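Enquirer: Right, I'll just put the structure down here and ask away after.
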Amino acid sequence: MAQRADPSTSAGFRALCDDLGLCFGGDYNPEQWPRSVWNDDVELMVRAGVNLVTVGVFSWAAIEPSPGERAFGWLDDVLDLLHRNGIAVDLATPTASPPPWLGHLHPETLPVDADGVRLVAGSRNQFSPASAVYRSHALAIARDLAERYADHPAVRMWHVGNEYGQLDHGDEAAREFRGWLKRRYGTIERLNDVWGTTVWSQAYRSFDEILPPRRTPYLVNPAQSLDFRRYTSDQLLLCYTEQRDAIRATGARQPITTNFMGFFPHVDYWSWSDEVDVVADDEYPDPASEHAAADIALVQDLMRSLGHGRPWMLMEQAIGAVSWREHNLPKTSGAARLGVLQAVAHGADGVAFFQWRQSHSGAERFHSAMVPHAGADTEVFRGVERLGADLRRLKPVVGHSVEASVGILFGWPSWWAGEEPARPTGRLRTLEQVQRWYRELWRRGVAADVVRPGAELDVYRVVLVPHSYLIEPDTAAALHRAVAAGTRVVIGPFSGVADRNGRILQGRSPVLLHELIGASGEEWTALPEGPTLLQVDEAWDVGAPVAATASVFAERLRSDGAEVLAMFGDGALAGHPAVTRHRFAGGRVWYLGAIVSDALLSAVIDDALQDAGVENALGEAVLPGRPLPVGLEAVRRGSALFLLNHGSEAAQVTLPATMHDLLTNSEVGRAVAVQPGAAMVLIEGLTQ
Ligand code: GAL
């Protein structure tokens, strides 16, 4: 990689927020509107307290109407207008959506899917990340933009491309993939060994014979598939870094970023996050999901963790409904407000929407926007004004982070390898398990970081490993060190199964962890439909009786010294442990040899949190069976306590002290009721 993110420009986002306060705005696409509308736009932005807009994400055709031409005049005027009105700009390179002429003149710039179909212009994102011609055109426009605007006073941030995630199986992708494999393996013999090509007569004589995993008669080699995913993530990263470096080479000093997409399946954000000056994310939780609030909190904790705890930016979200689901339930303006405050609670120093003004045409004509078709005399826009006012009051949280005592292990290659086809069950899904486990923390008000494989883990009191199919020796060693130092670790089923290339580790499982666990397995098995009964050990104090069942997947385990907290009561595994607990040096390890019921999972997590002495955001010890009121989210960011009621009942909370609500600028006593849909941001001892 040419250069990493630059520490001085990483600090640039902090400086920007010290200057502006929390960033607030949205994607601004003035090229869709006549100039007369621009003046209204800016007037409304000022009214709402918008201080940062992203310009140019889809402006390639407007800037380069024909190959090599540059039409910058309109953009000069937009940037000048915004600057005159005190609105900063996050200027995008428009490289996510090439104009039709590029694919027309150079069909090789268009991506090819796994079935060999070349995708064409008429939508967006039609580029091959492997195409040399695409990349040179993208670089040229990024460089010219940066040369022209690096010193423009409106430009305070750069936004490269948009939501990198394109897949391509074409001939140029094949060439780049082969180069990537050569760099990784050196020789074809090594590749054959790692990929296990003796199976099904797949041995390659040279790298030239290797193809991306295109349509095959039957199952693709899972190691080939895993490497193609790694290559795809790296190739997309190259598209980002080369534009970033071109911008930097013009002398631009602003922070540079691109927008992530939460747990996006095609890009390994752990390998990207140190390449951006500020982590930025696009979040579109489905209002129809009962778990939306907890699941998006997990994404937000991932974003904070990707940036090593530093403030991040919520780059895109919907103010109401999106338009790309089959059935698009809108957020109410109250829910949109809670969503914004939630991002800030989890460490965001900026929140922006897609988009500023709703498009009258095009595929997103029904996607909500800050200024809807009906204009500013609307509930939506009044909600936007209210948000601007709220965010101004939260300036004291800028720069602060969330201290978490729990870490959740998650890595993309493990997710990829763990979901290749042809497993004991296709119903064990990594992200689902991570979400289930995280929700247990969320409803207790316990803060968590998401932790990358290989990181040191002893900084956490509790580490959760919901499902890590791949566990490499460095992660296994970090787990051993952490437990030795007193950390409590809870490990879920089908973890530590394979090595980094997806090759199944030989021996009783999990091969690298069974001494730590004090139990080991010899068979992975799908369970029959319906719940399988488990018996909970009577000596295990879990507060109240627990509905203990397993479903979908289990392991044939035996205890090698661990206590058995629950065992199979019937079925083929009757009498075998399902949940174990083991003291190892200064710490303790729980192992779940099955997908267990929510109640049992909750009891295990309570046990570990209590054993480790973890406290919730209110400063209370976590006690078995005592979560926060339903729907209440409690997060401590720096010294500010965020209470957000996503539920439908008032939540009664006892605060550690009398506090001051930044949102209402008033004192609150120790006993507070947080109304449904309401929020408080409380700090101790403020005298304003
Ligand atoms: C994002 C994208 C935006 C807009 C938005 C709609 O994926 O970056 O340009 O399309 O979705 O929800």
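Enquirer: Quick one: Karplus J couplings for region 472-483, per residue in order, coefficients 6.51, -1.76, 1.60, θ = phi - 60°, nearest Hz, x for Gly and Pro?
Expert: Per residue, the Karplus-derived 3J(HN,Hα) values read 8, x, 5, 6, 4, 5, 5, 5, 4, 4, 5, 5 Hz.
Enquirer: Under a Cβ-only charge scheme (Lys and Arg +1, Asp and Glu -1), can you give me the dipole magnitude of the chain about the Cα centre, in debye to the nearest 20?
Expert: 420 debye
Enquirer: Taking R0 as 25 Å, what's the FRET efficiency between HIS106 and ARG214 from their Cβ-Cβ distance, rounded to 0.05?
Expert: Plugging the Cβ-Cβ distance into 1/(1 + (r/R0)^6) gives 0.70.
Enquirer: On to the next question. Suppose only helical runs count, i.e. DSSP H with n ≥ 4. What mean residue ellipticity at 222 nm does that imply for the chain under -39500 (n - 2.57) per run, divided by all residues and rounded to the nearest 500 deg cm²/dmol? Kindly include the intermediate steps, with their values, before the conclusion.
Expert: Working: 18 runs with 217 residues, N = 688.
Result for the chain, helices only: -10000 deg cm²/dmol.
Enquirer: Find how much the distance from ASP474 to ASP377 grows on full extension, using 0.36 nm per residue of separation minus their present alpha carbon separation; answer in nm with one decimal.
Expert: 29.1 nm
Enquirer: Related question: Given the chain reduced to its alpha-carbon atoms as identical point scatterers, what log10 I(q)/I(0) does the Debye formula return at q = 0.06, 0.07 Å⁻¹?
Expert: At q = 0.06, 0.07 Å⁻¹ the computed log10 ratios are -0.36, -0.50.
Enquirer: Please provide three numbers in whole Å: the alpha-carbon extents of region 122-171 along the principal axes, with the largest listed first.
Expert: 42, 19, 18
Enquirer: Eigenvalues of the Cα gyration tensor times 5, then square-rooted: what semi-axes does that give for region 495-580, in whole angstrom, largest first?
Expert: So the equivalent ellipsoid measures 24, 16, 10 Å along its semi-axes.
Enquirer: Output needed for region 170-233: three equivalent-ellipsoid semi-axes, defined as square roots of 5 times the C-alpha gyration tensor eigenvalues, in descending order, whole Å. Present the calculation step by step, with values, prior to reporting the outcome.
Expert: Details: eigenvalues 51, 44, 23 Å².
Whole-Å semi-axes of the equivalent ellipsoid: 16, 15, 11.
Enquirer: Label region 249-290 by shape, choosing from rounded, prolate and oblate, from the square roots a ≥ b ≥ c of the eigenvalues of the Cα gyration tensor; if a/c is under 1.5 it is rounded, and otherwise prolate applies when a/b is larger than b/c, oblate when it is not.
Expert: Prolate, since a/c reaches 1.5 and a/b exceeds b/c.
Enquirer: Could you calculate the contour length gain from ASN192 to GLU522, that is, 0.36 nm times the residue separation minus the distance between their Cα atoms, to one decimal place in nm?
Expert: Numbers: separation 330, 0.36 × 330 = 118.80 nm, distance 2.78 nm.
Taking 0.36 nm per residue and subtracting the Cα distance, the gain is 116.0 nm.
Enquirer: Could you derive backbone 3J(HN,Hα) for region 440-452 from the dihedral phi with the Karplus parameters 6.51, -1.76 and 1.60 (θ = phi - 60°), listing whole Hz in sequence and x where the residue is Gly or Pro?
Expert: Ordered by residue, 3J(HN,Hα) equals 5, 6, 4, 6, 9, x, 9, 7, 9, 9, 8, 10, 7 Hz.
Enquirer: Okay, next question. Just to be sure I understand the curve: with the Debye formula and one point per C-alpha of region 589-677, what is log10 I(q)/I(0) at q = 0.12, 0.18 Å⁻¹?
Expert: Each listed q maps to, in turn, -0.46, -0.89.
Enquirer: Here's something else I'd like to know. Given the peptides 444-457, 208-221, arrange them by the average over their residues of other C-beta atoms within 10 Å, most packed first.
Expert: 444-457, 208-221
Enquirer: Let me ask another. Hey, any idea what Rg/Rh is for region 272-314, computing Rh the Kirkwood way over Cα pairs? List each step's numbers first, then the result.
Expert: Values: Rg = 11.4 Å, Rh = 11.0 Å.
Rounded to two decimals, Rg over Rh is 1.04.
Enquirer: In whole Å, what is the distance between the alpha-carbon centres of region 304-374 and region 197-269?
Expert: Spelled out, the Cα-based centre of one part sits 28 Å from the other.
Enquirer: So, one more: Determine, for each peptide in 579-592, 340-353, the mean count of other beta carbons within 10 angstrom over its residues, then list the peptides with the highest first. Display every interim value, and only then the final one.
Expert: On the way: 579-592: 22.6, 340-353: 26.0.
Output ranking for 579-592, 340-353: 340-353, 579-592.
Enquirer: On to the next question. Hey, could you get me the Stokes-Einstein D for region 229-324, Kirkwood radius over alpha-carbon pairs, 20 °C and 1.002 mPa s, rounded to whole µm² s⁻¹?
Expert: So the translational diffusion coefficient is about 147 µm²/s.
Enquirer: Let me ask you something else. Against the 2.2 N^0.38 Å scaling, with N counting residues, where does region 322-367 land? I'd like the Cα-based Rg ratio to two decimal places.
Expert: Normalised Rg, Cα atoms only: 1.35.
Enquirer: With viscosity set to 0.890 mPa s and temperature to 25 °C, compute the Stokes-Einstein D of region 534-575, Rh being the Kirkwood radius across alpha carbon pairs; µm²/s, no decimals.
Expert: 214 µm²/s
Enquirer: Here is a further query. For region 553-632, what size does the Cα cloud have along each of its three principal axes, sorted from largest down, in whole Å?
Expert: On the principal axes, region 553-632 reaches 44, 33, 15 Å in Cα extent.
Enquirer: With a Förster radius of 41 Å, plug the Cβ-Cβ distance of SER648 and GLU364 into 1/(1 + (r/R0)^6) and report the FRET value to the nearest 0.05.
Expert: Working: r = 31 Å, r/R0 = 0.76.
Efficiency, from the Cβ-Cβ distance: 0.85.
Enquirer: From the backbone phi of region 639-646, what are the Karplus-calculated ³J(HN,Hα) couplings (6.51 cos²θ - 1.76 cosθ + 1.60, θ = phi - 60°) in whole Hz, Gly and Pro given as x?
Expert: With the stated coefficients, region 639-646 comes to 8, 8, 9, 8, 10, 10, 9, 8 Hz.
Enquirer: Here is a follow-up. Need one number: nm distance between label points at ASP611 and ASP113, each 7 Å from Cα along Cα→Cβ, rounded to one decimal.
Expert: That separation, rounded to one decimal, is 4.8 nm.
Enquirer: While we're on this one: Rounded to whole Å and ordered largest first, report the semi-axes of the equivalent ellipsoid of region 105-208 derived from its Cα gyration tensor (root of 5λ).
Expert: 36, 18, 12
Enquirer: A follow-up question, please. Give me the percent relative contact order of region 298-384, please, defined on Cα pairs under 8 angstrom at least 6 residues apart.
Expert: Computed over region 298-384, the figure is 31 percent.
Enquirer: What distance in nm separates the two pseudo spin-label positions at SER201 and ALA389, each 7 Å out from Cα along the beta-carbon direction?
Expert: Modelled inter-label distance: 7.5 nm.
Enquirer: Expressed as a whole percentage, what fraction of the accessible surface of the chain belongs to carbon and sulfur atoms when a 1.4 Å probe is rolled over the protein heavy atoms?
Expert: Roughly 52 percent, rounded to a whole number.
Enquirer: Now, a different point. Where the only charges are on Cβ atoms (+1 Lys, Arg; -1 Asp, Glu), what is the dipole of region 29-77 about its Cα centre, to the nearest 20 debye?
Expert: Roughly 80 debye for region 29-77.
Enquirer: OK, next. For a quick check: with amide H placed at 1.01 Å from N, whose amide H comes under 5 Å from GLY262's, ignoring anything fewer than 5 positions away on the same chain?
Expert: Correct list: ASP282.
Enquirer: Rg over Rh of region 54-163, using C-alpha atoms and the Kirkwood radius, what does it come to?
Expert: Numbers: Rg = 14.9 Å, Rh = 14.6 Å.
Expressed as Rg/Rh, it is 1.02.
Enquirer: Normalised by the number of residues in region 78-139, what is the relative contact order in percent for Cα pairs under 8 Å and 6+ residues apart?
Expert: Relative contact order for region 78-139 comes out at 29 percent.
Enquirer: Can you work out the accessible area per residue across the chain, with the rest of the protein chains kept in place, probe 1.4 Å, in square angstrom?
Expert: Working: 26300 Å² over 688 residues.
On a per-residue basis, 38 Å².
Enquirer: On to the next question. Listed highest first by mean packing, meaning other Cβ atoms within 10 Å per residue, what order do 539-545, 144-150, 296-302 come in?
Expert: 296-302, 144-150, 539-545
Enquirer: Given an 8 Å cut-off on Cα distances and at least 6 residues of separation, report the relative contact order of the chain as a percent.
Expert: Once divided by the residue count of the chain, the mean separation gives 10 percent.
Enquirer: Rounded, prolate or oblate for region 336-424? Axes are the square roots of the Cα gyration tensor eigenvalues, ordered a ≥ b ≥ c, and the cut-off for rounded is a/c under 1.5.
Expert: oblate
Enquirer: What is the extension gain from ASP286 to SER66, computed as 0.36 nm multiplied by their sequence separation minus the C-alpha to C-alpha distance, in nm to one decimal?
Expert: 75.2 nm
The values are calculated or read from the model by the stated rules, or taken from the named source; none is laboratory data. Owing to the predicted nature of the structure, the values given are computational and were not obtained by experimental measurement. Because the Cβ atoms are built from the backbone with ideal geometry, glycine has one as well, and the counts that use them run over all protein chains shown. Accessible surface areas use protein heavy atoms only, side chains included; no ligands, DNA or RNA. Shrake-Rupley method; radii C 1.70, N 1.55, O 1.52, S 1.80 Å.
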